[in-house]
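K.L.:
Got a structure for you, questions after.
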């Protein structure tokens with residue numbers, strides 16, 4: 001049986017003068033009985049964390065300049 005679903009957004013400050021070589025995500029849990037399933041991880045540019053995902057045709061146009 002599937003339990004409740006919870007969406008989480010987190011803003012991570014970065015240094016815009018540098019590039020990202022890799023990303024490590026660590027899930028730390030304490031005092032838990034049960035199962036945690038991480039189903040999706042989305043990295044998104046910008047200063048506001050959203051759950052918006054563009055259509056493939058929109059994403060292509062956004063990189064055309």
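K.L.:
For region 17-65, how many residues meet the condition of being modelled with pLDDT under 75 and at positive phi?
P.N.:
2
K.L.:
Sticking with this one: Under 8 Å between Cβ atoms, at least 6 apart or on separate chains: pull out the pairs that start in region 2-23 with a residue that is over 20 Å from residue 50 (Cα atoms) and end on any residue that is in a loop (DSSP other than H, G, I, E, B).
P.N.:
3/34; 20/14
K.L.:
In addition: Any residue at all in region 32-39 that is in a loop (DSSP other than H, G, I, E, B) and within 14 Å of the chain's Cα centre (by Cα)? Step through it out loud before you land on a result.
P.N.:
Step one: filter region 32-39 for residues in a loop (DSSP other than H, G, I, E, B), giving 32-39.
Still in the running and within 14 Å of the chain's Cα centre (by Cα): 38-39.
Among the residues of region 32-39, at least one is in a loop (DSSP other than H, G, I, E, B) and within 14 Å of the chain's Cα centre (by Cα), which makes the answer yes.
The values are calculated or read from the model by the stated rules, or taken from the named source; none is laboratory data. Just so we're clear, the structure is a prediction, and the values are computed from it rather than from any experiment. Because the Cβ atoms are built from the backbone with ideal geometry, glycine has one as well, and the counts that use them run over all protein chains shown.
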